[in-house]
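J.: Let me begin by handing over the structure; questions about it come next.
The values are calculated or read from the model by the stated rules, or taken from the named source; none is laboratory data. Keep in mind the model is a prediction, meaning the values are calculated, not measured. Cβ atoms come from the backbone with ideal geometry, glycine included; neighbour counts cover every protein chain shown. Remember, those area values only see protein heavy atoms, side chains included, never the ligands or the DNA or RNA. Shrake-Rupley method; radii C 1.70, N 1.55, O 1.52, S 1.80 Å.
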Amino acid sequence: MADDIPIEDREGRVGGIESMVVDGRRWFFGFDYSMDTAVSPLIDDPARMARFASEHMLQMDGAHDVAYWRDLVDSSFELSGIVGEDEDRTYDSETLAAERLTPGTQLIYLMGAATAWDDSFFADDTVQAALVTIGVPEPERDEWDCLDRCVAATRSPDAEVSRAAKHLMTSYQRFVFGNLPANWPEVFAALRPS
């Protein structure tokens with residue numbers, strides 16, 4: 001299956017198992033906590049996720065068998081190393097589509113982790129110009145953290161700031177969707193740029 005193929009350059013990473021729900025369906029994925037990076041496709045079956053992890057992921061002390069990873073998969077239903085509340089890792093397509101240009105902090109983080117924090121987005125001159133208009137200070141203009149400020153700026157009463165923020169978030173939406181790995185674009189199809 002396509003979701004059993006490792007993401008290029010992310011195989012053999014040390015990490016754990018995370019899970020989330022999209023449209024009522026639970027998806028599991030490997031996560032490298034030291035790099036804040038998703039390291040696997042999204043897999044909707046606990047047994048397949050455990051098998052994938054045993055074949056393509058490591059723990060600090062090395063490789064482990066399927067049973068070991070199955071325990072981590074099962075614990076991901078209740079525990080997360082990246083988000084506190086289960087509702088912060090539950091998404092539905094209708095809300096995702098409605099909030100394409102104004103994603104919440106957790107979704108911005110998840111998409112950054114899925115794209116391995118590809119900062120080439122910030123190299124675009126039009127993105128930099130929009131960040132200047134929005135008022136993002138220079139040292140922050142190449143950091144993913146500034147996107148929360150950009151989301152807030154889409155609602156600015158200043159038409160120029162609001163327009164720049166909407167342009168930037170449209171560019172962000174296209175960039176992220178174009179760089180999601182493996183089957184992430186299919187699972188998050190509601191984020192597809194219109």
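J.: Assigning unit charges at the beta carbon (Lys, Arg +1; Asp, Glu -1) and nothing else, what dipole magnitude in debye, to the nearest 20, does segment 26-79 show about its Cα centre?
T.: That gives a dipole near 160 debye.
J.: How much of the accessible area of segment 115-194, in percent, comes from carbon and sulfur atoms when a 1.4 Å probe is used?
T.: Roughly 49 percent of what the probe reaches on segment 115-194 is carbon or sulfur.
J.: Restricting to DSSP loop positions (anything but H, G, I, E, B) with no more than 13 other Cβ atoms inside 10 Å of their own Cβ, which trypsin sites (Lys or Arg not before Pro) remain in segment 102-171?
T.: 155
J.: Expressed in nm to one decimal, what extension gain is obtained for the pair residue 120 and residue 5 from 0.36 nm per residue of sequence separation less their Cα-Cα distance?
T.: 38.9 nm
J.: Work out the charge dipole of the chain with +1 on the Cβ of Lys and Arg and -1 on the Cβ of Asp and Glu about the Cα centre, then indicate which of 190, 21, 7 is farthest towards its positive end.
T.: 190
J.: Same structure, new question: When only C-alpha pairs under 8 Å and at least 6 residues apart count, what is the relative contact order of segment 56-194, in percent?
T.: For segment 56-194, the relative contact order is 25 percent.
J.: Evaluate E = 1/(1 + (r/R0)^6) for residue 83 and residue 156, where r is the Cβ-Cβ distance and R0 equals 30 Å; express this FRET efficiency to the nearest 0.05.
T.: So, using R0 = 30 Å, E works out to roughly 0.60.
J.: Please give the charge dipole size of the chain, origin at the Cα centre, charges +1 on K and R Cβ atoms and -1 on D and E Cβ atoms. Round to the nearest 20 debye.
T.: Around 540 debye, computed over the chain.
J.: If you don't mind, another one. Report the calculated FRET efficiency for residue 60 and residue 163 (r = Cβ-Cβ distance, R0 = 41 Å), to the nearest 0.05.
T.: Details: r = 48 Å, r/R0 = 1.17.
The pair residue 60/residue 163 has a calculated efficiency of 0.30.
J.: Still on this structure: Taking a 1.4 Å probe, which of 117, 27, 184 shows the most accessible area, and what order do the others take after it?
T.: Putting 117, 27, 184 in descending order of accessible area: 117, 27, 184.
J.: Taking only the alpha-carbon positions of segment 30-72 and ignoring solvent, what does the Debye formula give for the base-10 log of I(q)/I(0) at q = 0.34 Å⁻¹?
T.: Evaluating at q = 0.34 Å⁻¹ gives log10 I(q)/I(0) of -1.29.
J.: Using 10 Å bins from zero, what percent of all Cα-Cα pairs in segment 37-106 falls into each bin?
T.: 17, 41, 29, 13, 1
J.: A further question follows. Whole-Hz ³J(HN,Hα) for each residue in segment 169-186, computed from phi via Karplus 6.51 cos²θ - 1.76 cosθ + 1.60 with θ = phi - 60°, x for glycine and proline: what do you get?
T.: 5, 5, 4, 4, 4, 5, 4, 4, 4, x, 10, 5, x, 6, 9, 4, x, 5
J.: Taking R0 as 45 Å, what FRET efficiency do you get between residue 129 and residue 74 from their Cβ-Cβ distance, rounded to the nearest 0.05?
T.: 0.40
J.: Let me ask you something else. First select every other residue whose beta carbon is under 13 angstrom from the beta carbon of residue 177; then total the charges, Lys and Arg +1, Asp and Glu -1. Don't jump to the answer; show the numbers that get you there.
T.: Working: positive: 100, 174, 192; negative: 118, 186.
In short, +1.
J.: Just to confirm my numbers, what's the Cα centroid distance between segment 69-91 and segment 16-62 in Å?
T.: Between the Cα centre of segment 69-91 and that of segment 16-62, the gap is 10 Å.
J.: Solvent-accessible area of residue 13, probe 1.4 Å, all protein chains present, reported in Å² to the nearest ten, please.
T.: 50 Å²
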